[in-house]
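The values are calculated or read from the model by the stated rules, or taken from the named source; none is laboratory data. Everything quoted here is computed from the prediction, not taken from an experiment. Using ideal geometry, Cβ is built from the backbone for each residue, glycine included, and neighbour counts are taken over all protein chains shown. Accessible surface is based on the protein model in full, side chains and every heavy atom, while ligands, DNA and RNA are left aside. Shrake-Rupley method; radii C 1.70, N 1.55, O 1.52, S 1.80 Å.
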Amino acid sequence: MQKIKAVPQYMQYLRKLSDFETLTDEEANLLMNNMSIKSFQKGQVLFDENDQRTRFYFLIEGVIRVERFDIDGDFGFYSYIKNDLGFPYRGLLSDKNYPYLARAMTDIQIVYFPMALVERILKQNILMATRAIREMSTILSATENQVQRMVTSSAHDRIVQAINILAEQLGADFTEKHVVIPYRVTIKELALVSGTTRETAGHVIKCLAKNEEIIFERQQLTLLEGWFADQSFDRQERIFKL
């Protein structure tokens, strides 16, 4: 991990984004004076599930995968955070530990603040607290929908839903004819999220490509017009925060 000196320009950038746009000058200065910026390499873990919840993060660049398992380690839940998003919103003002593991899926750069300070500001800034509550509601709804969509015995359908999840959470360049996922997507990743084998995931991807529903080349995944004819996927960009 490389630690980078925090500079006022970062706070100016953050204050333009919805997570921090309601900060007063005094609150912004307080956060800036307690802000740290770090770089993580692909595969590094920011924090593990049940680690003490001491920091609130904001992703400047890259992609993070969050992972959570049931008590037996049999059921896994995966989701993604892309750049310009803060996390974790889950557990604000209540939990003492992180609800999931956060892993860098690419080389990333993050900003983080002491969680206690962020929660103190939330208690005094009604507009920011209101927005945080809305985010928590969005998270709950998105999580419930994702779990419901993945509960099927069909490996094919789970892989299709895994692609939808990636497109919803990481997709870009939304048009009437395609959605591009501007990050590397591996067969292994699709198998992991869908709870299938790499062989099964690879077979389904080949079938989808043959039917001209997707293009999958050099780990670049693009959803084509044929995909939307069979899916209820909304082409409008959706943002899920965790």
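Could you tell me whether the stretch 136-144 includes any residue that is assigned to a helix (DSSP H, G or I), at pLDDT 90 or above and β-branched (Val, Ile, Thr)?
Checked the stretch 136-144: no residue is assigned to a helix (DSSP H, G or I), at pLDDT 90 or above and β-branched (Val, Ile, Thr).
I need the full set of residues from the stretch 197-242 which are exposed (fewer than 14 other Cβ atoms within 10 Å of the Cβ), modelled with pLDDT under 90 and in a helix (DSSP H, G or I), in order please.
Hits for the stretch 197-242 are GLU225, ALA229, ASP230.
Report the residue count in the stretch 51-84 for those that are hydrophobic (A, V, I, L, M, F, W, C) and at pLDDT below 90.
Going through the stretch 51-84 one residue at a time, the tally reaches 4.
Could you check THR106 against (1) in a loop (DSSP other than H, G, I, E, B); (2) closer than 22 Å to SER18 by Cβ and say which number it fails?
Status for THR106: all satisfied but (2).
Might you check whether a residue that is surrounded by fewer than 16 Cβ atoms within 10 Å (Cβ to Cβ) and touching a helix residue (DSSP H, G or I) at 6+ places or on another chain (Cβ under 9 Å) occurs anywhere in the stretch 157-167?
yes
Taking the stretch 106-138 as the region of interest, how many residues are open to solvent by less than 70 Å² (accessible area, probe 1.4 Å) and under 26 Å from THR186 (Cβ atoms)?
Residues meeting the conditions: 4.
Scanning for something under 24 Å from VAL185 (Cα atoms) and surrounded by fewer than 13 Cβ atoms within 10 Å (Cβ to Cβ), does the stretch 46-67 turn up at least one residue?
no
Could you please find all residues in the stretch 146-196 being over 17 Å from PHE216 (Cβ atoms), free of Cβ contacts under 8 Å to residues at least 60 places away in the same chain and not in a helix (DSSP H, G or I)?
Once the filter is applied, which keeps residues that are over 17 Å from PHE216 (Cβ atoms), free of Cβ contacts under 8 Å to residues at least 60 places away in the same chain and not in a helix (DSSP H, G or I), the stretch 146-196 yields VAL151, THR152, SER153, SER154, GLU176.
Can you tell which of VAL179, VAL185 is at pLDDT below 90 and surrounded by 18 or more Cβ atoms within 10 Å (Cβ to Cβ)?
Answer to the selection: VAL179.
Name the pairs: first residue in the stretch 28-50 and within 14 Å of PHE113 (Cα to Cα) and at pLDDT below 95, second residue in a helix (DSSP H, G or I) and among the basic types (Lys, Arg), Cβ to Cβ under 8 Å, at least 6 apart or on different chains?
ALA28/ARG15
Working only within the stretch 123-135, note down all residues that are assigned to a helix (DSSP H, G or I) and of a type in the set (S, T, N, Q).
Listed by number, the residues that qualify are GLN124, THR130.
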